[in-house]
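Visitor: The following block contains the structure, expressed as structure tokens.
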Amino acid sequence: MYGGGYIPEEEKRKQQHMEEDPAKLAEFEARIDNGEKIEPHDWMPAEYRKQLIRMIEQHAHSEIIGSLPEGTWITRAPSFKRKMALIAKVQDEIGHGQLLYNAAETLGKSREQMMQDLLTGKSKYSNVFNYPAKTWADVAVIGFLIDAAAIVNQVANSKGSYGPYSRALERICYEESFHLKQGHDAFVALATGTESQRAMLQDAVNRWYRPIIHFFGPSDKDSVHTGKLMRWKVKMMTNDAMRNQFLSSYVPKVWELGLSFPDPKLHKDDNGEWHFSDPNWDEFYQVIKGNGPCNAERLAVRSWVETQHKWIREALFNPNAKYTLPLS
Amino acid sequence: MDSLDPRIARLHDIRAGEVPTVGAHDYGETYEVFHQAKRGKHHAHVGTVHAPDPELALVYAKEQYGRRQQTVNMWVVRTADIFAFPYDDSDMFDSTPQKIHREAAGYKTRDKIEAYKKKQAQ
Amino acid sequence: MEATQELLFKIADDALIMGHTDSTWTGLGPTLEEDIAFSSMSQDKIGHAWNLYQMLHDKFGLADADTLGFKREEKEYKCSHLTEVPTQDYAYALVRQFFFDHGQFMRFSALKNSSIEWLADFSRKVTSEIKYHTLHGDTWLKKLGAQGNEESKARMQSAINEVFPLALGYFEEGPREAELIEKNIFIGEKALQEAWLEKVGDLVAQYGLTLPEGNTVDPSLGGRNGYHTEHLQPLLAEMTEVTASDPEATW
Ligand SMILES: [Fe+2]
Ligand SMILES: [Fe+2]
């Protein structure tokens, strides 16, 4: 799963001043216009590299941190089918992290460094995973709606210009279709179940509504920066376009089950554009800063993983190990 | 730690705010993974694993790259041991029309045979 | 007939509870690759349990698999103590897995020759899956034992010392053991334990570690007769927390 690709303002200002060799830049851009992919050892503008590392790294972190809210219910999943599906799904998310860290590594940042930056808070991950999964219904909402949102994002990005990222996303999207199916199945089971199941599900939908609206990030269609990233096929759709696509596909699927979203203004206009109440972007920025309900726990868990297994790394440490960037 | 996840609530020694140092080679080296779907097919490159040695790299390759696909065999090789052309040189793979001697279509014998047969018949 | 049910229940309960306790590592494994591998093995085990409960339902007309797996009283479970213990230390998790999976591999290998055709069939499929589990366990014991450093050797050895009595309890005989042997359904726990001890003894020695002397160890018994460690009751309560919240519902 994934969201956003959030870029802080100060970062945007810094990047406007990078100068590149015009001939090389022209060749690079021609390749992209031609629909060709960029491969790891190709010449690329420094900013392209930097933005891709940031984006793929954030995506990778989102996968492994994203496994934690759903992991909350692994030991309590209510049947063999749900138990197996949930463990397999969480496993896939770890696998997605693995594939994405590899893709980011081809650009020159090691997995170790990325992990370090996650733990110190320097690198970000999708905000949505800083919210708690309070009941079993949260698992259904995450598996259905958050994975659906992630799919919108990932399908778009899989058509991007960087070869290793596209390849990783192709496989990821294939697995995400299973996530969405099993999530929808669990969601429908609750929606068509007993009164208490429906109530539990409606409560979960209510709590996840705002994080879902936040998922694609604030509007960026007017940003110069977005224009350049889209020109280079780093970003394939604006945040608004992705959000609109998501709402078009999935809001009706929730409504058809007689469930509602806690927003009286949520509707589609005659041009196919969705409208919603102000989702309080302040909260979004607060969570990015580390002040969401679960930020501290999420990072504490990943820190525990590193600390707890230090002895294994030391035992297996090979003094002759050579660091090589993965090839593709 | 106070957590909604009973698995995490039970962990000893978990503390918020303590950041461990991740060592430069903590995840070992990378190995390139080659996957064979069927006997008779080539092994194809499918991705990379981090592992401390080739044996564990194979153990990991099986689950990360084989768990959803039909598989009969896998290879792993240290990334450091792979030699590759730079993409800068990829123009040397462009082929010119003179290379027709390598293509089946470059050989047209039927005309000659027909001409020969006609001559014999006369 | 009852003897066969008893056999299936203990194998299924072992697989379910082992898979369940191992699933506590999914998302928290030492590296991403190891996390994925360990999670697969946990899923395999829960899958074996699911299959076996399904057989109890199909062949003997018992309740459906979910009811058998999730809704029995603690006393009715026949899992061994080895499967019930929580693991927070990866050395302990690996050693437990190593002992258990060699046991499972040999148990299902023996069952390939069972006089019950469908059980023999199932066992053939399962052994090929468990082969990977033993490869995983063997590789890790070797890496952290013979090929590891002082600390890893010490950690693995102390895990072996701690887990071994639990592992011996895996071979506790059930009440209808004699009937199973007589009808050639299963070779029996004694024969299985003997073969297992030889195998894991050899491997552990190869990996630069030692197995405690058998006669100095008190096997942790009771599981096969419904007497469990203090861990099982809370584990089951957690596992069924959601279903218990609305017993009428399907999930
Ligand atoms: Fe997913
Ligand atoms: Fe994912």
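The values are calculated or read from the model by the stated rules, or taken from the named source; none is laboratory data. Predicted model only: the values in this text are computed from it and were never measured. Glycine also receives a Cβ, built like all others from the backbone with ideal geometry; neighbour counts cover every protein chain displayed.
Visitor: Which pairs have Cβ atoms under 7 Å, sit 6 or more apart or on different chains, and link a residue in the stretch B:19-36 that is under 19 Å from residue C:34 (Cα atoms) to one that is assigned to a strand (DSSP E or B) and of a type in the set (Ser, Thr, Tyr)?
Guide: B:30/B:48; B:31/B:48; B:32/B:48; B:33/B:48
Visitor: Could you look through the stretch A:97-147, keep only residues that are of a type in the set (S, T, N, Q) and without any contact (Cβ under 8 Å) to a residue 40 or more places away in the chain, and pick out the one that is nearest to ligand 1 (Cβ to nearest atom)?
Guide: Going residue by residue through the stretch A:97-147, those that are of a type in the set (S, T, N, Q) are A:98, A:102, A:106, A:110, A:113, A:116, A:120, A:123, A:126-127, A:130, A:135.
Add one more test, that the residue is without any contact (Cβ under 8 Å) to a residue 40 or more places away in the chain, and what stays is A:98, A:113, A:116, A:120.
Numbers: A:98: 14, A:113: 25, A:116: 25, A:120: 26 Å.
Applying the filter and picking the extreme gives A:98.
Visitor: What are the pairs with Cβ atoms under 6 angstrom where one residue, in the stretch B:64-89, is within 7 Å of another protein chain (Cβ to nearest Cβ) and the other, located anywhere, is exposed (fewer than 13 other Cβ atoms within 10 Å of the Cβ)? Sequence gap at least six, or different chains.
Guide: Matching pairs, first to second residue: B:80/A:322.
Visitor: Still on this structure, please answer the following. Identify all residues within the stretch A:70-101 that are under 14 Å from the mean Cα position of the chain (by Cα) and farther than 17 Å from residue C:34 by Cβ; write none if there are none.
Guide: A:100
Visitor: Look at the stretch A:96-154 and say how many of its residues are among the acidic types (Asp, Glu), touching an Asp or Glu at 6+ places or on another chain (Cβ under 7 Å) and away from chain C (no Cβ under 14 Å). Steps first, please.
Guide: Let us first name the residues in the stretch A:96-154 that are among the acidic types (Asp, Glu), namely A:105, A:112, A:117, A:138, A:147.
Next cut, touching an Asp or Glu at 6+ places or on another chain (Cβ under 7 Å) only: A:112, A:147.
Still in the list and also away from chain C (no Cβ under 14 Å): A:147.
Result for the stretch A:96-154: 1.
Visitor: Can I ask one more? When you check residue C:240 against the structure, is it in contact with an Asp or Glu (Cβ under 9 Å, 6 or more places away or on another chain) and surrounded by 16 or more Cβ atoms within 10 Å (Cβ to Cβ), yes or no? Walk me through it before giving the result.
Guide: Values: in contact with an Asp or Glu (Cβ under 9 Å, 6 or more places away or on another chain): no; surrounded by 16 or more Cβ atoms within 10 Å (Cβ to Cβ): yes.
In short, no.
Visitor: Kindly provide the set of residues from the stretch C:228-251 that are in contact (Cβ under 8 Å) with a residue 12 or more places away in the chain and either away from chain A (no Cβ under 11 Å) or part of a helix (DSSP H, G or I) (or both), ordered by number. Before the answer, list the steps.
Guide: Within the stretch C:228-251, the subset in contact (Cβ under 8 Å) with a residue 12 or more places away in the chain is C:228-229, C:231-233, C:235-236, C:239-240, C:243.
Across the stretch C:228-251, the qualifying residues are C:228, C:229, C:231, C:232, C:233, C:235, C:236, C:239, C:243.
Visitor: Same structure, new question: Residues that are at pLDDT 95 or above and within 8 Å of chain A (Cβ to nearest Cβ): does the stretch B:32-44 have at least one?
Guide: From the stretch B:32-44, those at pLDDT 95 or above are B:32-44; that's our starting set.
From what's left, within 8 Å of chain A (Cβ to nearest Cβ): B:32.
Checked against the condition, which is being at pLDDT 95 or above and within 8 Å of chain A (Cβ to nearest Cβ), the stretch B:32-44 yields at least one hit.
Visitor: If a residue has to be within 14 Å of chain A (Cβ to nearest Cβ), touching a residue at least 60 places away in the same chain (Cβ under 8 Å) and among the acidic types (Asp, Glu) to count, how many in the stretch C:140-170 make the cut?
Guide: Of the residues in that region, 0 qualify.
Visitor: Also, I was wondering about something else. State which residue is farthest from the other protein chains (Cβ to nearest Cβ) when the search covers only the stretch A:69-87 and only residues that are of a type in the set (Gly, Ala, Ser) and touching a residue at least 40 places away in the same chain (Cβ under 8 Å).
Guide: The extreme case among them is A:85.
Visitor: Sort out which residues of the stretch A:131-169 are more than 15 Å from the chain's Cα centre (by Cα) and under 20 Å from residue A:89 (Cβ atoms), and write them in order of number. Outline the logic, then answer.
Guide: So in the stretch A:131-169, the residues more than 15 Å from the chain's Cα centre (by Cα) come out as A:132-141, A:159-164, A:167.
If the condition is that a residue be more than 15 Å from the chain's Cα centre (by Cα) and under 20 Å from residue A:89 (Cβ atoms), then A:132, A:133, A:134, A:135, A:136, A:137, A:138, A:139, A:140, A:141 are the ones that fit.
Visitor: Taking the residues in the stretch C:86-110 that are closer than 17 Å to residue C:209 by Cβ and among the aliphatic types (A, V, I, L, M) as candidates, determine which candidate is surrounded by the most Cβ atoms within 10 Å (Cβ to Cβ).
Guide: Residue satisfying both the conditions and the ranking: C:95.
Visitor: Residue A:190: more than 30 Å from residue B:20 (Cα to Cα), out of contact with any strand residue (DSSP E or B) (no Cβ under 7 Å at 6 or more places or on another chain) and within 12 Å of ligand 2 (Cβ to nearest atom), yes or no?
Guide: Working: more than 30 Å from residue B:20 (Cα to Cα): yes; out of contact with any strand residue (DSSP E or B) (no Cβ under 7 Å at 6 or more places or on another chain): yes; within 12 Å of ligand 2 (Cβ to nearest atom): no.
For residue A:190, the condition - more than 30 Å from residue B:20 (Cα to Cα), out of contact with any strand residue (DSSP E or B) (no Cβ under 7 Å at 6 or more places or on another chain) and within 12 Å of ligand 2 (Cβ to nearest atom) - is not met.
Visitor: Moving on to the next point. Return yes or no: is residue B:26 modelled with pLDDT of 95 or more, over 20 Å from the mean Cα position of the chain (by Cα) and buried (at least 18 other Cβ atoms within 10 Å of the Cβ)? Reasoning before the result, please.
Guide: On the way: modelled with pLDDT of 95 or more: no; over 20 Å from the mean Cα position of the chain (by Cα): yes; buried (at least 18 other Cβ atoms within 10 Å of the Cβ): yes.
Here the answer is no, as residue B:26 does not meet what is asked.
Visitor: For residue C:208, are the conditions met, namely being surrounded by 20 or more Cβ atoms within 10 Å (Cβ to Cβ), modelled with pLDDT of 95 or more and closer than 26 Å to residue B:58 by Cα?
Guide: Numbers: surrounded by 20 or more Cβ atoms within 10 Å (Cβ to Cβ): no; modelled with pLDDT of 95 or more: yes; closer than 26 Å to residue B:58 by Cα: yes.
It is false that residue C:208 is surrounded by 20 or more Cβ atoms within 10 Å (Cβ to Cβ), modelled with pLDDT of 95 or more and closer than 26 Å to residue B:58 by Cα.
Visitor: Please work out if residue A:163 is out of contact with any Leu (no Cβ under 7 Å at 6 or more places or on another chain) and more than 16 Å from ligand 1 (Cβ to nearest atom). Full working, then the answer.
Guide: Numbers: out of contact with any Leu (no Cβ under 7 Å at 6 or more places or on another chain): yes; more than 16 Å from ligand 1 (Cβ to nearest atom): yes.
Spelling it out, residue A:163 is indeed out of contact with any Leu (no Cβ under 7 Å at 6 or more places or on another chain) and more than 16 Å from ligand 1 (Cβ to nearest atom).
Visitor: Now for a different question. Looking at the stretch C:1-39 only, could you name the residues that are within 11 Å of chain A (Cβ to nearest Cβ), under 19 Å from residue C:125 (Cβ atoms) and surrounded by fewer than 24 Cβ atoms within 10 Å (Cβ to Cβ)?
Guide: C:19 - this is the single residue of the stretch C:1-39 that is within 11 Å of chain A (Cβ to nearest Cβ), under 19 Å from residue C:125 (Cβ atoms) and surrounded by fewer than 24 Cβ atoms within 10 Å (Cβ to Cβ).
This table checks each residue for (1) surrounded by fewer than 12 Cβ atoms within 10 Å (Cβ to Cβ); (2) over 30 Å from residue A:120 (Cβ atoms); (3) touching a Phe, Trp or Tyr at 6+ places or on another chain (Cβ under 9 Å).
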{"residue": "B:11", "(1), (2), (3)": "no, no, yes"}
{"residue": "B:16", "(1), (2), (3)": "no, no, no"}
{"residue": "B:70", "(1), (2), (3)": "yes, yes, no"}
{"residue": "B:76", "(1), (2), (3)": "no, yes, yes"}
{"residue": "B:89", "(1), (2), (3)": "yes, yes, no"}
{"residue": "B:92", "(1), (2), (3)": "yes, yes, yes"}
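Visitor: Could you give me the residue pairs with C-beta distances under 8 Å whose first residue belongs to the stretch A:291-304 and is in contact (Cβ under 8 Å) with a residue 40 or more places away in the chain and under 15 Å from residue A:70 (Cβ atoms), whose second residue is crowded, with 20+ Cβ neighbours inside 10 Å and polar (S, T, N, Q) wherever it lies, and which are 6+ apart or on separate chains?
Guide: These pairs meet every condition: A:294/A:130; A:298/A:130.
Visitor: Name the residue, out of C:45, C:75, that is in a helix (DSSP H, G or I) and crowded, with 24+ Cβ neighbours inside 10 Å. Full working, then the answer.
Guide: Numbers: C:75 fails: crowded, with 24+ Cβ neighbours inside 10 Å.
Of C:45, C:75, the one residue that is in a helix (DSSP H, G or I) and crowded, with 24+ Cβ neighbours inside 10 Å is C:45.
Visitor: Looking only at the stretch A:237-259, count every residue that is more than 25 Å from the chain's Cα centre (by Cα) and small (Gly, Ala, Ser) and tell me the total.
Guide: Number of matching residues: 1.
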